[in-house]
Amino acid sequence: MEFLSEYGLFLAKAVTVVVAIAAIAIIIASASRGDRSGGQLRVEKLNDKYRERANRLRQTVMTKSEWRDELKQQKKAAKKAAKSDDDKPRKRVFVLNFKGDIRATGVDSLREEVSAVVAVATADDEVVLRLENAGGAVQDHGLAASQLQRIKDHGIPLTVIVDKVAASGGYLMAAIADRFVAAPFAIIGSIGVLLQIPNFYRFLENRGIDFEQITAGKYKRTLTMFGKNTEEHREKTREELEDVHELFKTAVRSHRPELDMETVATGEHWYGTRALELGLIDELGSSDDYLMQAAENSGLYEVSYKGHEGLVQKLQGAMSALLEAAGLDRRPPLG
């Protein structure tokens, strides 16, 4: 216990020093105005990518004559498709990717990608989002979900496909979809809210260290890391979490009204097969099969945005990660 106490004190000191240094570095970097702005939007036609990969294998396993015949058939099919395109525009499928973390840092790229797509796509097209997100902070994932809502507000069909996980804030995003596809063993659900924070009050008290905190407003600060937490503070925090949980359930229910919230909003998660039975998703499948099938009759365009991350953003990201690791970020995460 003595070792743990000393280690806790050392950790608190180390975090304080590092946070202070990072804050100073951010101020200096901001003042220098050395960060560049801007980013790059990239568009890749996946039809060509799939065709090239398949042809590479065909050329290896086929005889020379078989390969020549295959190329002829592909050229004929391409000419036929070109003629049909003159009569009727080919459906376009815009593919986006979102890999989440606790702060949903990919939302900055997502908002640029969505802005580009909604400026071009129509109700005859489709947006497919390949999502991998285990959830995190409320406001960050709420913003990510609102970006997907923009697609629906423009009348563009939205399909979300989950190969691995869409839990908590990730499910909040996925629930917006017109069509929700998940792999059989993908983790789905976790409609709940949590808050966890360490408390060093007894450790400091035993060493004669006082912690002073002055606030204006009865509930400006409830639970604290270094002061004594009261049952009143705990109850207020529970009320806040319950309110966030209700908002979470309301948001999901607005897109999936058939769900039995008493069953699915317990904070539990389910694998894809069970999630289908509960109505959390619409069908089972993988993003690879879905896109390869879509490529047969549609033009597939993968849209990605890569922003420039300046020194300030890097330092802020590092500081946020440090706070999260130390348990100093008090924002309640979904799930």
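Return yes when K91 is in contact (Cβ under 8 Å) with a residue 12 or more places away in the chain and in contact with a Leu (Cβ under 9 Å, 6 or more places away or on another chain) and no when it is not. No.
Name the residue, out of A116, A144, that is within 15 Å of the chain's Cα centre (by Cα) and either part of a helix (DSSP H, G or I) or crowded, with 21+ Cβ neighbours inside 10 Å (or both). Step through it out loud before you land on a result.
Details: A116 fails: within 15 Å of the chain's Cα centre (by Cα).
Criteria check complete, one pass: A144.
If you check E268 against the conditions, is it out of contact with any helix residue (DSSP H, G or I) (no Cβ under 8 Å at 6 or more places or on another chain), charged (D, E, K, R) and modelled with pLDDT of 95 or more? So E268 fits the description; yes.
Got a sec? Which helices (runs of 4 or more DSSP H) wholly within region 177-286 have at least 1 residues that are among the aliphatic types (A, V, I, L, M), surrounded by 15 or more Cβ atoms within 10 Å (Cβ to Cβ) and under 20 Å from the mean Cα position of the chain (by Cα)? If you could, list the steps in order and put the result at the bottom.
Details: elements: 201-206, 231-255, 261-264, 272-278.
Helices (runs of 4 or more DSSP H) meeting the threshold: 231-255, 272-278.
Consider E240 carefully, then state whether it is touching a Pro at 6+ places or on another chain (Cβ under 8 Å), in contact (Cβ under 8 Å) with a residue 60 or more places away in the chain and either within 20 Å of V138 (Cα to Cα) or of a type in the set (G, A, S) (or both).
On the way: touching a Pro at 6+ places or on another chain (Cβ under 8 Å): yes; in contact (Cβ under 8 Å) with a residue 60 or more places away in the chain: yes; either within 20 Å of V138 (Cα to Cα) or of a type in the set (G, A, S) (or both): yes.
So E240 fits the description; yes.
The values are calculated or read from the model by the stated rules, or taken from the named source; none is laboratory data. These figures come from a predicted structure and were not determined experimentally. FYI the Cβ positions are ideal-geometry reconstructions off the backbone, even for glycines, and counts take in every protein chain you see.
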